[in-house]
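Notes to accompany the following structure.
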Amino acid sequence: MSQNQASMPHGAAARRGPFRVGDRVQLTDEKRRINTITLEAGGQFHSHKGILEHDAIIGLPDGSVIENVEGYRYQLLRPLAKDYVLSMPRGAAVIYPKDAAQIVQFGDIFPGARVVEAGVGSGALSISLLRAIGDTGFLHSFERREEFAEIARGNVDTVFGGEHPAWQISIGDFQDKVVELEEPGSVDRVVLDMLSPWECLDAVATVLAPGGVWTNYVATVTQMSRVVEAIRASGQFTEPECFETLVRGWHVDGLAVRPDHRMVAHTAFLITARRLADDSQGIPKAKRVKEHNFAAEDVSAWTRDHDESEWTPEALGERGVSDKKLRRAARDATRPARVREQE
Ligand SMILES: C[S@@+](CC[C@H](N)C(=O)[O-])C[C@H]1O[C@@H](n2cnc3c(N)ncnc32)[C@H](O)[C@@H]1O
């Protein structure tokens with residue numbers, strides 16, 4: 001590594017310069033079909049349009065257009081983080097770039113921040129958090145399943161071209177581990193993406209500094225209601241704010257200028273709240289809905305009296321993932337690092 005590269009923020013060098021062995025490259029063909037490959041010395045990309053030699057790509061500048069032996073053209077680009085996240089090996093569902101962007105902004109993730117997150121899943125959000133805190137921050141990610149953590153490590157290493165100096169993963173349940181490993185009141189920001197974030201309320205209240213921001217990412221309205229009511233009832237946080245983000249692409253071609261026909265209509269809801277100082281009590285929201293207008297059972301149907309064991313992935317409409325698929329994702333995620341090591 002040159003002296004110039006050594007002084008760059010971690011991962012910057014891997015995003016610059018000509019294509020190298022171990023790089024991920026996005027190939028867009030003449031029909032705008034996209035394939036992502038990892039460059040290997042002597043490697044080949046096969047399609048029904050013929051063979052493209054990796055050696056013909058290695059050394060070319062990013063953004064080149066190349067022809068394979070049959071004369072079929074490909075546009076070559078290093079994937080941006082947003083492209084990588086959508087194509088990377090995954091075990092658990094990832095946080096989409098549109099939501100990660102909102103988490104960085106509304107969760108107020110700043111350079112140098114001490115951030116904790118759970119679960120790490122496939123590491124998609126970890127990538128955005130690490131980019132936002134930079135080398136001088138600290139991201140402590142908690143994941144209860146080692147198999148998922150392995151996939152996340154591979155994905156994060158691929159994006160940054162090696163281990164990130166500001167990142168640590170701890171295996172175990174967030175609510176137990178974070179209070180063992182982080183000092184009370186020492187964490188600037190917390191981000192949770194898991195089925196039942198309300199189980200972590202006491203742990204979050206313990207480690208989060210006064211004024212610190214807690215962001216929750218949940219897929220269903222029932223989870224949103226449950227976590228909001230729990231935050232409110234604790235009195236240790238500000239009134240939670242809830243929102244979702246819809247991003248609609250546009251088709252722009254001559255006079256045919258219109259929204260795209262298809263879009264990602266739903267991913268999740270974001271809920272943010274800030275930790276109050278220990279001797280302060282939250283100011284309750286002025287209630288528009290009077291308590292006597294609904295029965296306690298109406299609320300408990302999906303909020304705080306609900307049986308914990310009922311909050312299963314299946315009940316929330318999530319699909320399980322087989323051990324075989326997890327093993328394959330881990331192998332794929334760690335492949336670029338293995339190729340780099342062989343060089
Ligand atoms: C949807 S995934 C997270 C995806 C991740 N945010 C990403 O962008 O790739 C949810 C993860 O939370 C983990 N999890 C659930 N409850 C947990 C807890 N209490 N502590 C730690 N991890 C937990 C699950 O094992 C799963 O990997």
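Residue count for the stretch 169-193, restricted to those that are within 14 Å of the ligand (Cβ to nearest atom) and in a strand (DSSP E or B): 7.
With respect to the conditions (1) free of Cβ contacts under 8 Å to residues at least 40 places away in the same chain; (2) surrounded by 15 or more Cβ atoms within 10 Å (Cβ to Cβ); (3) part of a loop (DSSP other than H, G, I, E, B), Gly63 falls short on a single one, namely (2).
The one condition from (1) of a type in the set (A, V, I, L, M); (2) closer than 17 Å to Thr158 by Cβ; (3) within 13 Å of the ligand (Cβ to nearest atom) that Leu77 does not meet is (3). For the residues Gly121, Gly71, the requirement of being under 30 Å from Glu199 (Cβ atoms) and either more than 16 Å from the ligand (Cβ to nearest atom) or not in a helix (DSSP H, G or I) (or both) singles out Gly121.
Just one of the listed residues (Ala12, Ala101) is modelled with pLDDT of 95 or more, closer than 28 Å to Leu130 by Cα and surrounded by fewer than 19 Cβ atoms within 10 Å (Cβ to Cβ), and it is Ala101. Residues that are part of a loop (DSSP other than H, G, I, E, B) and touching a strand residue (DSSP E or B) at 6+ places or on another chain (Cβ under 8 Å) were ranked within the stretch 124-144; the one that is nearest to the ligand (Cβ to nearest atom) is Arg144.
Can you find, within the stretch 23-59, the residue that is nearest to Tyr84 (Cα to Cα) among those that are in a loop (DSSP other than H, G, I, E, B) and of a type in the set (Lys, Arg)? Top of the filtered list is Arg33.
Restricting attention to the stretch 161-174, does a residue exist that is buried (at least 19 other Cβ atoms within 10 Å of the Cβ) and modelled with pLDDT under 95? Yes. Just so you know, in the stretch 132-160 the residues that are more than 20 Å from Val25 (Cα to Cα) and small (Gly, Ala, Ser) include one that is surrounded by the most Cβ atoms within 10 Å (Cβ to Cβ), and it is Ser141. Could you look through the stretch 286-312, keep only residues that are surrounded by 10 or more Cβ atoms within 10 Å (Cβ to Cβ) and under 22 Å from Val204 (Cβ atoms), and pick out the one that is modelled with the highest pLDDT? Taking the candidates together, the pick is Trp311.
Quick check on the stretch 101-114. Is at least one of its residues within 8 Å of the ligand (Cβ to nearest atom), touching a residue at least 24 places away in the same chain (Cβ under 8 Å) and farther than 30 Å from Glu53 by Cβ? No, the stretch 101-114 contains no residue that is within 8 Å of the ligand (Cβ to nearest atom), touching a residue at least 24 places away in the same chain (Cβ under 8 Å) and farther than 30 Å from Glu53 by Cβ.
The values are calculated or read from the model by the stated rules, or taken from the named source; none is laboratory data. Predicted, not measured: the structure shown is a model, and the values here were computed from it. Methodologically, a virtual Cβ is constructed for each residue, glycine included, from the backbone with ideal geometry; neighbour enumeration extends over all protein chains shown.
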